[in-house]
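Just below is one structure, and these are the notes that go with it.
The values are calculated or read from the model by the stated rules, or taken from the named source; none is laboratory data. Quick caveat, the model's predicted, so the values are computed rather than measured. Cβ placement follows ideal geometry from the backbone for every residue including glycine, while neighbour counts extend to all protein chains displayed.
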Ligand code: GLU
């Protein structure tokens, strides 16, 4: 039997990191079993789906390494309406489902019995299909439904606690529970690996597999991802879109490595692990049963480590979107013609060791490419206190006479300005740094001055002097 797994996102928003994790888990599972990964877009909720969300999901999947062309599909659930209807008709024809005209309110009023939800009121009324009748699946009254789950073992559900659930609406269209099963059957899916939030659906869905005469898949329900307050990650509260992490400057390699560490650890006390090794080592059945904490601070540090491991040219190329702007990343504040790649390459190694996300590159290097630095007012207020004018004047005088314009003599000259005033280098440096870069933190100052050149350095000191 060929293993066939699927990832089945609903295009109702950006690509959630939990979805990305599910996709990667399925992807790895297929790889490890010489199987097939199928992408199915569950686009049947017309009121919530938008084509651009579908494109966003496909693009984000490409980015994280599940590339179009390397998997089967995408199939679109909306193209399988005929199969869904046929399955509903068949279940009705075989007496496995019946029509029900109870209103939601009536169902709620009567919901006092031991079966939560619907009480089976219409089970034996023999209603025909009609404009106001939904189709309900007749769940067994006895016995148990046992799920074979890679993560959870054998979750067992008492059938008497499963309500007769709706499988098709009054307009004949299938609801999620049925459409999802019919598609999995149509697509020959053998393993369903998905988020634990679907576990309550699973006994119902397994009953549908049985009723449709097909051996149910092996399931794998993966614990949810939570934030620092142990709340389930939600798009209203937390940053959950993979695209948002991408556009902030997280590397794809960071994201996929980090997502796989949620609830699982590679061998040898390592965290940064090449993807090829994760693909070989990852075991879905080793996943922790506890919710996994999505630690943004740790992710940030992790990304910094990944950035530092790049070669200089790799670093330059991953920075390019922030140096140029893209559809989703704003253009930098300098005019394109002012950008000088040789200046950038000269200072890039200094930035590479300091930034944690790539978007930060802009404020580290912008002062090289702007006519005047962008002044951060808080930095200015802190640095330009009493004595700043004197320091700037003395520095300008020392710098203009410097025989060699390079980092070491620049530092010595500024140190001498400080010594003459009983100041440490840090204090002496502060107003100069803000005059040159506009900010109180950034690249090493003297290396930056060396690259910026004497004329521009002196002009900036003079401008700051004028602003004081
Ligand atoms: N479209 C469903 C979701 O996004 C798919 C659930 C499943 O994987 O079966 O939650």
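When region 93-108 is filtered for residues that are part of a helix (DSSP H, G or I) and modelled with pLDDT of 95 or more, only 93 remains. Is there a residue being loosely packed, with under 15 Cβ neighbours inside 10 Å and within 24 Å of residue 232 (Cβ to Cβ) anywhere in region 95-116? So far as region 95-116 goes, yes, one or more of its residues are loosely packed, with under 15 Cβ neighbours inside 10 Å and within 24 Å of residue 232 (Cβ to Cβ). Only a single item in (1) surrounded by 17 or more Cβ atoms within 10 Å (Cβ to Cβ); (2) in contact (Cβ under 8 Å) with a residue 24 or more places away in the chain; (3) farther than 22 Å from residue 181 by Cβ is not met by residue 51, and it is number (1).
Looking at region 150-168, which of the residues that are closer than 25 Å to residue 7 by Cβ and either in a helix (DSSP H, G or I) or within 30 Å of the chain's Cα centre (by Cα) (or both) is farthest from the ligand (Cβ to nearest atom)? The residue in question is 153.
Filtered by the rule that a residue be closer than 27 Å to residue 199 by Cα and surrounded by 15 or more Cβ atoms within 10 Å (Cβ to Cβ), region 124-143 gives 134, 135, 136, 137, 138, 139. Among the residues of region 188-204, those that are within 12 Å of the ligand (Cβ to nearest atom) and more than 18 Å from residue 116 (Cβ to Cβ) comprise 189, 191, 192, 193, 194, 195, 196.
Annotation: of all residues in region 1-41 being away from the ligand (no atom under 12 Å from the Cβ) and in a loop (DSSP other than H, G, I, E, B), the one that is farthest from residue 53 (Cα to Cα) is 1.
The listed residues are 253, 280, and the only one of them that is more than 16 Å from the ligand (Cβ to nearest atom), surrounded by 18 or more Cβ atoms within 10 Å (Cβ to Cβ) and modelled with pLDDT of 95 or more turns out to be 253.
Having 2 or more residues that are under 22 Å from residue 74 (Cα atoms) is the bar; report the helices (runs of 4 or more DSSP H) wholly within region 169-254 that clear it.
176-186, 242-248
In this structure, is residue 57 within 19 Å of residue 251 (Cα to Cα), without any contact (Cβ under 8 Å) to a residue 60 or more places away in the chain and away from the ligand (no atom under 11 Å from the Cβ)? Judged against the criteria, residue 57 is not a match. A residue that is touching a helix residue (DSSP H, G or I) at 6+ places or on another chain (Cβ under 7 Å) and assigned to a helix (DSSP H, G or I) occurs nowhere in region 140-149.
Residue 200: free of Cβ contacts under 8 Å to residues at least 40 places away in the same chain and either in contact with a helix residue (DSSP H, G or I) (Cβ under 6 Å, 6 or more places away or on another chain) or closer than 28 Å to residue 99 by Cα (or both), yes or no? Please lay out each step first, then the result.
Details: free of Cβ contacts under 8 Å to residues at least 40 places away in the same chain: yes; either in contact with a helix residue (DSSP H, G or I) (Cβ under 6 Å, 6 or more places away or on another chain) or closer than 28 Å to residue 99 by Cα (or both): yes.
When the stated conditions are applied, residue 200 passes them.
For residue 342, the criteria (1) within 29 Å of residue 32 (Cβ to Cβ); (2) out of contact with any helix residue (DSSP H, G or I) (no Cβ under 7 Å at 6 or more places or on another chain); (3) part of a helix (DSSP H, G or I) hold in every case but one, which is (1). Within region 329-337, at least one residue is exposed (fewer than 12 other Cβ atoms within 10 Å of the Cβ), in a helix (DSSP H, G or I), at negative phi and free of Cβ contacts under 8 Å to residues at least 24 places away in the same chain.
Residues of region 256-277 that are buried (at least 18 other Cβ atoms within 10 Å of the Cβ), in contact (Cβ under 8 Å) with a residue 24 or more places away in the chain and part of a helix (DSSP H, G or I): 256, 257, 258, 259, 260. The residues in region 205-234 that are within 22 Å of residue 85 (Cα to Cα) and either within 14 Å of the ligand (Cβ to nearest atom) or surrounded by fewer than 21 Cβ atoms within 10 Å (Cβ to Cβ) (or both) can be counted, and the count is 12.
Restricting the search to helices (runs of 4 or more DSSP H) fully inside region 355-424 and requiring at least 2 residues that are more than 14 Å from residue 461 (Cβ to Cβ) gives 361-369, 377-383, 407-420.
The sole residue among 56, 73, 117 that is under 30 Å from residue 275 (Cβ atoms) and touching a helix residue (DSSP H, G or I) at 6+ places or on another chain (Cβ under 9 Å) is 56.
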